[in-house]
Amino acid sequence: MKDEKIINDNKYSASSIKVLEGLDAVRKRPAMYIGSTSTTGLHHLVYEVVDNSVDEALGGYCNHIKVKIHTDGSCSVEDNGRGIPVGIHPTEKVSAAQVVLTKLHAGGKFDKDSYKYSGGLHGVGVSVVNALSSKLEVIIWTNGKEYQQFYEHGGHPVEPLKEIGKTDKQGTYVRFHPDASIFEDTNLNFETLSSRLRELAFLNKKLKIDIKDERINEENSFYYEGGIASFVKHINAKKNPIFDDVIEFHKEDDVYVVDFACQYNDGYAEQTYSFVNNIRTIEGGTHEAGFRSALTKSINRFAQKHDLLKDGPLSSDDVREGFVGVLSVKIPEPQFEGQTKTKLGNSEIKGVVDSWLYSFFDTYFEENPNIARKVAQKSLLAQQARSAAKRARELTRRKNVLESAVLPGKLADCSDADPSKTELYIVEGDSAGGSAKQGRDRFTQAVLPLRGKIINVEKARLDKMLANNEIKDLITAIGAGIGNESFDATKARYHKIVIMTDADVDGAHIRILLLTFFFRHMKPLIEAGYLYVAQPPLYKVKLGKREQYLQTDSELEKFLFSWAQETVELKIENKILDQNNIEKLFNSILEYNTELNKASNNIELSPKNTHDLVKFLNLNDLSQKIETQELIEKLSKYFTNYKIYTEQESNIDAAMAGEEVIQKKIFITFQENKKIWQVPASFFESEETIKLLNLFKPIESLEQKVFVFKLKGKDEETEKTGALNLIDLIISSGKSIMTIQRYKGLGEMNPEQLWETTMDPERRKFLQVTIEDAIKADQWFTSLMGDEVVDRRMYIEKHAHFVKNLDI
């Protein structure tokens, strides 16, 4: 697609830039401007720059945006819009570009004549990004000229904006390095960014957005002719729609633009994604209230007209069971409640959306009675289930205090009533519950043992779910209610809700059942950061009188290598390695093996196959890019037992949405009889692979020379070649001398051990449950916990080779 020049009559010049305040406070209090200095805040930097480019697209000036994560960790965003104005600002007496990049709340977004629609507080964006970057570069192409300027140390210009050449391009390029002294982690996540950029491409029909990660040589390109209708198809891709068509609506007047698309599936969960000027309104707002009112009135009108209502009118919840919809409105001056811009407050838009959509639905249902009848019948079933669930829900409503009669003998509550200080541990069975109750801090830690597995809520309506005793106990203990109308996360009795299950298959199953429940019915708790998964130790290692708890296989491996440095005698070419060389070699092997496992997970390959590819690359210099066919020839000469060929995988996201396929992934397939494994062609030139190859160099000799392995003080010697064989020998030798207990159940620990390893705030490790990509999370839960056996089987087959310890 060509980068066509987009033309609009409105003047955008230095005088369009309005300045509201300076940006001195940003580096002192970054969380006020980007939410946090965690990875969420880090990614927000990219969104701010991208949103400026999208605002250009909203104004009709831009149709192509390119995002790139560079190998040095920096990120660049390029668009083909008008380019930031370069003239001297009338009051600031420096270039308008410098004003935009160094003054908070400076930008065309604050001048109504330059942008009709833009994200609520935009214009803060690029200056805040500059303030929170160690370096930033801006290049502007406008009026046939190219301009450049550099900034460093949080927004200090190195020199004024200068003209560096002539050009026929137009647009803006911003490249920034997030400041490591401010952010906890400066590693941008390709998938997280892709998710947001895909969303923006859906919302802005015919806007092409590319993203490339030079570190791993991955790229995506998003372009959707169908706009939000394609978005609905994408969300519903793993589900069973009850009708084929996506219901679409578009209307605009001189002030507002409303786009809406929806489809129903045979599930029970509602999924509504609402946006204002491309900003996701997670908490909804007045626009969502308008759409819900219109939908409820329209379906009730149809049902009443066709004599379908037997038990009174349908509620708003009834008509949204199995509903998947996207609502996108554009308004001139959005007012968001709170600093996070997640709830729209403009009262006038409610009436506009309600009126426009009610009129549309009324006509649509008259013209499509089969679709209307299916929706009405599904809503009537939901109404029946709601009535049946009413008594059960009443039982789970929390009073001022939690009566012991509600949970006899189960919940061991804590004495502190301050939710910000209290924790609820959800444990599996009475055995683990007993240890947790005895080992806990009774002042701040409550324990709720679950007897048996909870119901799979992915396959159950609310009435059936609320009939399950474990679910009822859980809802009552948390105290925040249940259901769209009555759930309130602010009423949660604990601000840390900790899933603490065993490390075996049953524990994993209970954990996923609980996560499914929280995702489907208490998602605001996850979004508030209240849900955690405990990380009890997987191993207890005893060597003589020394005992140590280890939480992962990786920690066990490190422990064994540390022991081996003191215990193993290694001979290569009849020469015994001294202590210093053994330490260096073992550290190199451990570092290589850690990266090997990481790379294997990323490309979904076994470590042995990945190691074989590294050995191939070590013998074949691929520093210069070669054609795929030449790569196949080189691989075939090395892997003589395999038939090697290429396969192409299309972008499934585009295919799901019935769109033009843009991204095509090339896979190299290795086939030996019936055994097949694949690797992305991008693996051979990624930064990750180069790093792995560099780590392989210090241990290369082990692949070529025989080594003799023995334990000090022992006579038995073993001759082998290869780093992976040496790793196996270290692990097996350590296991033969030490007592290594692999915990399968929390009940195996006594109360003191459980406190020491898992519940003590000073020493424990928790994983906080977050939702980076809500749509992907939804599809994941649908695949694993829904009715489609094929999806589940494919997932298991794809990941089975990563299983190391299978409890059967």
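What follows is calculated from the coordinates using simple rules that are stated; it is not laboratory data. This one's a predicted model, so the numbers in the text were calculated from it and none came from an experiment. Please note: Cβ atoms are built from the backbone with ideal geometry, for glycine as well, and neighbour counts cover all protein chains shown.
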### Task
Quick one: which residues, 5 or more positions from LEU570 or on another chain, have an amide H under 5 Å from its amide H? H modelled 1.01 Å from N in the peptide plane, none for Pro or chain starts.
LEU577
### Summary
Per DSSP, the loop-located trypsin sites (Lys or Arg not before Pro) within segment 254-348 having at most 11 other beta carbons within 10 Å are LYS310
### Query
Around TYR425, which amide H atoms from residues at least 5 apart in sequence, or from another chain, sit under 5 Å from its own amide H, with H modelled in the peptide plane?
ALA446, VAL447, LEU448, VAL498
### Query
Which order, highest average first, do 747-758, 49-60 follow once you tally other Cβ atoms within 10 Å for each residue and take the mean per peptide?
49-60, 747-758
### Query
If R0 is 30 Å, what FRET efficiency do you get for ASN456 and PHE616 from their C-beta distance, rounded to 0.05?
0.10
#### Entry: In segment 541-611, the trypsin sites (Lys or Arg not before Pro) that fall in loop regions by DSSP, at most 16 other Cβ within 10 Å
LYS545
### Summary
Bridge orientation stat for segment 228-368 from DSSP, antiparallel percent rounded to 5, came to 70 percent
### Task
Kindly state, to the nearest 0.05, the FRET efficiency for ALA467 paired with ASP488, given R0 = 22 Å and r defined as their beta-carbon distance.
0.45
#### Entry: Viscosity 1.306 mPa s, 10 °C: Kirkwood-radius Stokes-Einstein D of segment 228-368 over Cα pairs, µm²/s
102 µm²/s
### Query
If amide H atoms are built 1.01 Å from N in the plane of the peptide, which residues on other chains or at least 5 residues away come under 5 Å of the amide H of SER95?
HIS89, LEU161
### Task
Counting only DSSP beta bridges with both residues in segment 14-222, tell me the antiparallel percent, nearest 5.
85 percent
### Query
What percent do you get for the relative contact order of segment 138-289 when only Cα pairs under 8 Å and 6+ apart count?
12 percent
### Summary
Rg/Rh of segment 549-747 (Cα atoms, Kirkwood Rh), to two decimals, equals 1.05
### Inter-probe distance in nm under a simple model that places probes 7 Å from Cα toward Cβ, at ASP254 and ALA31
4.6 nm
#### Entry: Dipole of segment 549-747, positive direction: furthest Cα of TYR645, PHE586, LEU613, with charges on the beta-carbon
PHE586
### Query
Any idea what the relative contact order of segment 14-222 is, in percent, if you count C-alpha pairs under 8 Å spaced at least 6 apart?
26 percent
### Query
So if R0 is 25 Å, what FRET efficiency would ASN601 and ASN694 give, r being the distance between their Cβ atoms, rounded to the nearest 0.05?
0.80
#### Entry: Karplus (6.51, -1.76, 1.60) ³J(HN,Hα), θ = phi - 60°, over segment 365-372, in Hz, Gly and Pro reported as x
5, 5, 7, 10, x, 5, 5, 4
### Filtered chymotrypsin sites (Phe, Trp or Tyr not before Pro), segment 664-717: DSSP coil and at most 11 other beta carbons within 10 Å
none
### Query
Stretch SER181-LYS205 to full length: gain in nm at 0.36 nm per residue minus the Cα-Cα span?
4.8 nm
### Message
Please arrange THR102, THR167 by how many other C-beta atoms lie within 10 Å of their C-beta, fewest to most.
### Response
THR167, THR102
### Query
Residue by residue through segment 228-239, which ³J(HN,Hα) values in whole Hz follow from phi under the Karplus form 6.51 cos²θ - 1.76 cosθ + 1.60 (θ = phi - 60°), with glycine and proline marked x?
6, 5, 5, 4, 4, 4, 5, 5, 8, 4, 8, 10
### Message
Let me check against my output: what whole-number percent is the relative contact order of segment 242-311, with C-alpha pairs under 8 Å and at least 6 apart?
### Response
17 percent
